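I have placed the structure first, in the form of structure tokens, so that the comments after it can refer back to it.
The values are calculated or read from the model by the stated rules, or taken from the named source; none is laboratory data. No experiment lies behind these values; they were computed from the predicted model shown. As a convention, Cβ positions derive from the backbone with ideal geometry for all residues, glycine included, and neighbour counts pool all protein chains shown.
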Amino acid sequence: MVTTDSVAGQKPRTLHRRAPASHRPLAVRPARRRTQRRRRSVTLTALTTIMLVYTLLPLAWLAINATKTQQGLLSSFGLWFKGFALAGNIHDTFTYDHGIFARWLLNTLVYVVVGAGGATFLATLAGYGLAKFDFVGKKAVFATVIGAVAVPGTALAVPTFLMFSKMGLTDTPWAIIIPSLISPFGLYLMWTFSTDAVPAEILESARVDGAGEFRTFFSISLPLLGPGIVTVLLFNVVSTWNNYFLPLIMLKDPNWYPLTLGLKSWNDHASTVGGDVIFNLVITGSLLAIIPLIAAFLLLQRYWESGLSAGSVKG
């Protein structure tokens, strides 16, 4: 476009008007974006479905076969019902071999309450102390904790057995409880969680007001550490409840067996000369053994999720 108010002796200026936005080329077309989002959505849905089936299929098999008798278990498809003998199986599970299943269940509860509870308490104290206090050798402690997390528990089972054997603690509940009190992963998790969950300003204010360290911890810090404590507790409960290898080498008396080792001994009856074939009781007992864990996760799920995420969020 040429301007009409040109100055005398000068060439008229030409102004170029920009094209409307509707005529500009799009950097990324909306249709292509929608197609990409749709493809990602389908892929994620398929992967989630596969993981869901992979996770729930063994549980469904366990629940279905716990409703069958021994004969029905061996003569029917594993993922379909044949009769409904769940009540009878539960009764037989608790009464078989003089009701030893109830003893195994009680042993497991004791190991979890004392072992997992104690491990959570010690991890909370140690993690809080390492996060909020400076002392000589703190870096060495950190390296030791990281190294302990990397060592699998099975690698320490034999040395632990030899040490407990010299102290005369094998074939006793202490052989299961004492090793369960040590949780390097729980300590590390509480260490990282306590760093951000308890602000330093609150601790300084409590100290200025004359509160001691223990009073500050139990009155102020402990409520703030609730989500992390629940998270560590769940990990320790699952680890202690499913513990198998340590009781296997530590215990000989069936009266001290946990559920894992007791159900394995029932399963071995089928391969023993003159032993009872009680696969239906093994399956029913396995179903009963996982119900407390499922209930714990459902009841504490919101604390568990917040505990996992809070440690990675800066306050």
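Tabulated data
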| item | result |
| --- | --- |
| Identity of the residue in region 132-168, at pLDDT below 90 and outside any helix (DSSP H, G or I), that ends up farthest from ARG207 (Cα to Cα) | PRO152 |
| Every residue from region 179-213 that is free of Cβ contacts under 8 Å to residues at least 40 places away in the same chain and on the phi < 0 side of the Ramachandran plot | PRO184, GLU201, ILE202, GLU204, SER205, ALA206, ARG207, VAL208, ASP209, ALA211, GLY212, GLU213 |
| Tabulated pairs, region 220-241, first over 19 Å from THR195 (Cβ atoms), second β-branched (Val, Ile, Thr), C-beta under 6 angstrom, 6+ apart or interchain | LEU233/THR120; ASN236/THR120; VAL237/VAL112; THR240/VAL112; TRP241/VAL112 |
| Conditions (1) exposed (fewer than 10 other Cβ atoms within 10 Å of the Cβ); (2) part of a loop (DSSP other than H, G, I, E, B); (3) at pLDDT below 65; (4) not β-branched (Val, Ile, Thr); number of the one not met by SER22 | (2) |
| Meets criteria (touching a helix residue (DSSP H, G or I) at 6+ places or on another chain (Cβ under 6 Å), free of Cβ contacts under 8 Å to residues at least 60 places away in the same chain and on the phi < 0 side of the Ramachandran plot) for ALA102 | yes |
| Any hit, region 198-216, residues being under 27 Å from the mean Cα position of the chain (by Cα), surrounded by fewer than 19 Cβ atoms within 10 Å (Cβ to Cβ), modelled with pLDDT under 90 and of a type in the set (Val, Ile, Thr) | no |
| Region 117-140, residues that are exposed (fewer than 15 other Cβ atoms within 10 Å of the Cβ) and either farther than 24 Å from PHE193 by Cα or among the β-branched types (Val, Ile, Thr) (or both) | VAL136 |
| Single residue of ASP196, ASP171 found to be of a type in the set (D, E, K, R) and touching a Leu at 6+ places or on another chain (Cβ under 9 Å) | ASP171 |
| Residue that is farthest from HIS98 (Cα to Cα) [pool: residues in region 248-287 that are touching a residue at least 24 places away in the same chain (Cβ under 8 Å), part of a loop (DSSP other than H, G, I, E, B) and of a type in the set (A, V, I, L, M)] | LEU251 |
| Positions within region 70-122 being in a loop (DSSP other than H, G, I, E, B), of a type in the set (Phe, Trp, Tyr) and over 25 Å from VAL53 (Cα atoms), in sequence order | TYR96 |
| Single match in ALA211, ALA206, ALA175 (criterion: in a helix (DSSP H, G or I), among the small types (Gly, Ala, Ser) and farther than 22 Å from GLY118 by Cβ) | ALA206 |
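Each row is one residue, and each column tells you yes or no for (1) under 18 Å from LEU287 (Cα atoms); (2) over 31 Å from the mean Cα position of the chain (by Cα); (3) surrounded by 10 or more Cβ atoms within 10 Å (Cβ to Cβ).
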{"residue": "SER41", "(1), (2), (3)": "no, no, yes"}
{"residue": "ILE50", "(1), (2), (3)": "no, no, yes"}
{"residue": "LEU59", "(1), (2), (3)": "yes, no, yes"}
{"residue": "ALA63", "(1), (2), (3)": "yes, no, yes"}
{"residue": "LEU73", "(1), (2), (3)": "yes, yes, yes"}
{"residue": "GLY78", "(1), (2), (3)": "yes, no, yes"}
{"residue": "PHE81", "(1), (2), (3)": "yes, yes, yes"}
{"residue": "PHE84", "(1), (2), (3)": "yes, yes, yes"}
